[in-house]
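The values are calculated or read from the model by the stated rules, or taken from the named source; none is laboratory data. Just so it is clear, the model here is predicted, and its values are computed rather than measured. Here the Cβ positions follow ideal geometry from the backbone for every residue, glycine too, while neighbour counts run over all protein chains shown.
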């Protein structure tokens, strides 16, 4: 943390962001967001990469969204290339909250396929917010390559991202229902059902899809 040339209040606030108490860090992030100052941006971004508490990280993200995009965007674009998984994940999460499409080129296939589930999930959420008009189908095809990946939370995150793209995902979901891997088929079927009925529970859609995928096999969706 660099404090040279900063006034006493700024120094105190920056130190509070590193306090041992999570409640103190939370209040500090709230205060910084309430009275934005570009001098805080670098420290907010740095804290996002190391903050252990989810609710504090979320407040740090909120504080960043309160600052000028001209200052936050370059800092966040640098973080998505970090070696630290949490830095990548939180930067992507913040970019999705800011929603500035100038960040779109940073959403690379490497991030969409990141080996860390939390990073990939953040990249999926950011991608459907930032994708330029007309490129949704290309993004849908890239996201569909991840069908069947991970556990329940990862499945739900990917399904929600695909559903957000709308009807452009239908062809890739139909293709995935013929995949040789029953996990991919089940995930595609569950996502398709969620697309048709967003109010349907994901759990029940998954269980029904698993039965169909296992019993009918590739190319037979049971409809």
Practice task
Quick one: residue 138 ticks every box in (1) under 26 Å from residue 78 (Cα atoms); (2) outside any helix (DSSP H, G or I) except a single one, so which number is it?
Solution key: (2)
Exercise for the section: Might you let me know whether segment 165-186 holds any residue that is at pLDDT below 95, over 29 Å from residue 92 (Cβ atoms) and not in a loop (DSSP other than H, G, I, E, B)? Expected result: yes
Handout entry: Residue count, segment 73-90 (criterion: within 11 Å of residue 119 (Cα to Cα) and in a helix (DSSP H, G or I))
Key = 6
Problem - Residue under evaluation residue 126, criteria (1) more than 11 Å from the chain's Cα centre (by Cα); (2) within 25 Å of residue 50 (Cα to Cα); (3) buried (at least 21 other Cβ atoms within 10 Å of the Cβ), criterion not met - result: (1)
Practice task
Would you mention how many residues in segment 33-51 are at pLDDT below 95 and part of a loop (DSSP other than H, G, I, E, B)?
Solution key: 3
Handout entry: All positions within segment 105-123 that are crowded, with 18+ Cβ neighbours inside 10 Å and outside any helix (DSSP H, G or I)
Key = 107, 114
